[in-house]
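A.B. asks: I have a structure here, written as structure tokens, and I will follow up with some questions on it.
The values are calculated or read from the model by the stated rules, or taken from the named source; none is laboratory data. Note that this is a predicted model, so its numbers are computed, not measured. Glycine also receives a Cβ, built like all others from the backbone with ideal geometry; neighbour counts cover every protein chain displayed.
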Amino acid sequence: MKALIALVALAIAAGSAVAVEEKKEASPAQKAQQEKMKACNAEAGEKSLKGDERKSFMSTCLGAKPAPATQQDKMKSCNAEAGSKELKGDERKKFMSECLKGSPS
């Protein structure tokens, strides 16, 4: 139960940090994690899990690795992020290169 509370607190803290940064849009990775948390939480609710069963389920569900993103998916998310940052010219090329390689931007 403590781990679940810690996960929820972490999610709230992450959400607060995003809100503090001039309400910038969440990164694709943050959006994916938020969606994963929602999906796992909903599934645990549907199964009426409580206590240790819920904690164990949430840990397993949140720890599951998503299917690897295709190159096309990476291109879409990197392109969208570059657009939201209004990058142009050489800055955009550099950002896209690093983003597509998986390097932190």
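A.B. asks: From the set of residues in the stretch 57-76 that are surrounded by 11 or more Cβ atoms within 10 Å (Cβ to Cβ) and either in contact with a helix residue (DSSP H, G or I) (Cβ under 8 Å, 6 or more places away or on another chain) or assigned by TED's automatic domain parsing to the domain that holds residue 35 (or both), which is farthest from residue 102 (Cα to Cα)?
C.D. replies: Of everything passing the filter in the stretch 57-76, 57 is farthest from residue 102 (Cα to Cα).
A.B. asks: Hey, another quick one. Mind telling me which of the residues 94, 50, 38, 88 ends up being among the charged types (D, E, K, R), at pLDDT 90 or above and under 15 Å from the mean Cα position of the chain (by Cα)?
C.D. replies: Every option except 38 fails the conditions.
A.B. asks: While we're here: Under 7 Å by Cβ, and 6 or more places apart or on different chains, what pairs join a residue from the stretch 27-56 that is on the phi > 0 side of the Ramachandran plot and exposed (fewer than 15 other Cβ atoms within 10 Å of the Cβ) with one that is modelled with pLDDT under 90 and not charged (D, E, K, R)?
C.D. replies: Listed pairs, sorted by first residue: 51/1.
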